[in-house]
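Nothing in this text is a laboratory measurement; each read-out follows from the coordinates by a stated rule. Since this is a predicted model, take the numbers as computed values, not measurements. Positions of Cβ are backbone-derived with ideal geometry, glycine not excepted, and every protein chain shown enters the neighbour counts.
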Amino acid sequence: MVRALWLALLLTFVPATASAAPSLVDRVIGRWRVVEGGKPGKARPIFARELAFEARLEAMAAGEAPTAPITEPQVRAALARHVTEALLAELPLDPAPTPAQVGEQATRARRFLLSRVGGEERLRAALDIERISTDELDALLRRTARASLYLDRMVAPQVDPTDLELRQLHASGQTPFSKQPFAEVSGELRRWVVAQRLSEALDAFYQRARSRVVITWASARAP
């Protein structure tokens with residue numbers, strides 16, 4: 001079924017005809033819900049354009065160009081991250097984070113995203129390709145922020161590395177910054193490490209929850 005979803009993403013945009021300007025089509029291509037105690041929870045929509053953008057982010061995080069074609073594994077990875085962040089963002093925290101805390105965490109999430117995809121220019125290219133607005137990106141970052149606040153507090157409170165850990169990682173040669181002086185890249189290195197650890201925590205959470213997640217796809221049809 002993910003292959004059908006992949007085809008649906010490829011058919012999301014209608015090419016221009018001789019008499020009409022390009023038309024942007026966004027549609028619900030599936031829904032997902034969580035089953036608890038045999039009872040299905042509320043259905044949440046999956047929008048083609050949003051998931052295409054998230055899949056493009058996965059591709060860029062793996063080193064692909066912003067314009068590279070989206071592949072099925074990237075769609076799978078994007079869907080897993082999408083569902084996991086949405087689940088985590090809805091889990092209660094006591095005390096609940098304030099709007100200011102969510103905003104601050106969203107700012108951090110944007111820095112982590114830039115680190116993942118390779119910078120502002122590459123992110124801007126992906127936004128333009130998938131016609132994602134600033135408001136839509138902000139909503140995605142707020143979802144990531146709420147999810148990471150839960151991870152920070154409840155699941156993986158030790159994601160922030162110590163200075164000693166950073167120096168050891170830098171010296172190991174296993175980071176994108178190891179060829180540069182530590183003093184010049186310590187901030188970027190810290191963001192990269194936190195992003196990696198949060199991704200690992202997200203994946204671990206998804207593996208535990210996936211048996212309860214039911215996804216229903218719409219059929220893949222040409223517009």
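Numbers below:
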| quantity | calculated |
| --- | --- |
| Spacing of the two label points (7 Å from each Cα toward its C-beta) at Ala171 and Leu91, in nm | 3.5 |
| Convex hull volume per residue in cubic angstrom - Cα atoms of region 158-220 | 131 |
| Magnitude of the charge dipole, region 2-217, Cβ model with Lys/Arg +1 and Asp/Glu -1, debye to 20 | 620 |
| Gyration tensor (alpha-carbon) shape descriptor, region 2-217, a/c threshold 1.5 | oblate |
